1. Could you please tell me which pairs satisfy a Cβ distance under 9 Å, a separation of 6+ or placement on different chains, a first residue in region 144-168 that is within 21 Å of A114 (Cβ to Cβ) and of a type in the set (G, A, S), and a second residue that is modelled with pLDDT of 80 or more and in a strand (DSSP E or B)?
2. Mind checking whether some residue in region 33-50 is in a strand (DSSP E or B), in contact with a Ser or Thr (Cβ under 8 Å, 6 or more places away or on another chain) and more than 16 Å from N104 (Cβ to Cβ)?
3. Which ones in region 65-97 are outside any strand (DSSP E or B), of a type outside the set (V, I, T) and either within 25 Å of K129 (Cα to Cα) or modelled with pLDDT under 95 (or both)?
4. On the basis of being among the basic types (K, R) and in contact with a Pro (Cβ under 9 Å, 6 or more places away or on another chain), does K129 make the cut?
5. Tell me, which residue of region 98-110 that is in a loop (DSSP other than H, G, I, E, B), touching a residue at least 40 places away in the same chain (Cβ under 8 Å) and closer than 16 Å to L67 by Cβ is most open to solvent (accessible area, probe 1.4 Å)?
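The values are calculated or read from the model by the stated rules, or taken from the named source; none is laboratory data. Just so we're clear, the structure is a prediction, and the values are computed from it rather than from any experiment. Here the Cβ is made from the backbone with ideal geometry for all residues, glycine too, and neighbour counts use every protein chain on show. The protein model used for the area step is the full one, side chains on, heavy atoms only, and it has no ligands, DNA or RNA in it. Shrake-Rupley method; radii C 1.70, N 1.55, O 1.52, S 1.80 Å.
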Amino acid sequence: GKFINYFNHLGQNESRPKVIRCMKYLGNNQLMIGAREGLFVMSTDFDKVENIHFYHHYKQADNLSSLSDSEVMSILQTRKGEIWVSTNSGGISKIIPADNYLSNHLTFANKTKAQGLGSEIAYSLVEDKSGHIWVVSPGNLTRINPQDGTTVVYDNDYFIEEPVFAET
């Protein structure tokens with residue numbers, strides 16, 4: 001059989017991701033895709049690949065509740081079910097809880113350097129055993145306490161040698 005992609009059978013469509021960086025299955029037949037063009041959400045319950053519908057979220061300059069940057073680097077779903085997204089130049093975004101992420105109207109709470117991050121560039125996110133969110137950025141780590149929003153930036157002053165954090 002022939003491999004189906006957007007160059008042949010699927011056709012090119014602006015509402016589909018082109019450069020995918022990460023994916024996160026949320027359960028309930030919902031898949032999030034982080035891409036250079038934004039955050040996409042789709043249902044995994046479809047009969048034909050041509051019928052997949054993508055809900056597209058991206059930075060909207062006139063909407064402070066939109067995604068903080070359109071280039072999504074990673075997606076984290078915490079043990080509590082919260083969803084956080086790291087971006088290439090807009091810090092991080094937390095999705096305001098929704099029962100169904102298959103929507104074009106998700107709301108985001110954004111956190112940037114102005115709100116305590118070590119950098120606007122956020123390569124990846126991880127949750128530790130205490131429920132803190134760690135943000136990996138060039139030259140630093142930021143620990144976020146999601147309960148109260150406080151941040152601690154661990155930069156060169158905390159390490160014996162200069163840390164090297166890179167996009168993988």
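1. G149/K111
2. yes
3. Scanning region 65-97 gives R79, K80, G81, E82, G91, P97.
4. Answer is no for this residue.
5. Step one: of region 98-110, the residues in a loop (DSSP other than H, G, I, E, B) are 98-107.
Applying the additional criterion that residues be touching a residue at least 40 places away in the same chain (Cβ under 8 Å) yields 100-104, 106-107.
Filter again for closer than 16 Å to L67 by Cβ, leaving 101, 103-104, 106-107.
On the way: Y101: 26, S103: 29, N104: 81, L106: 22, T107: 59 Å².
Going through the qualifying residues, I end up with N104.
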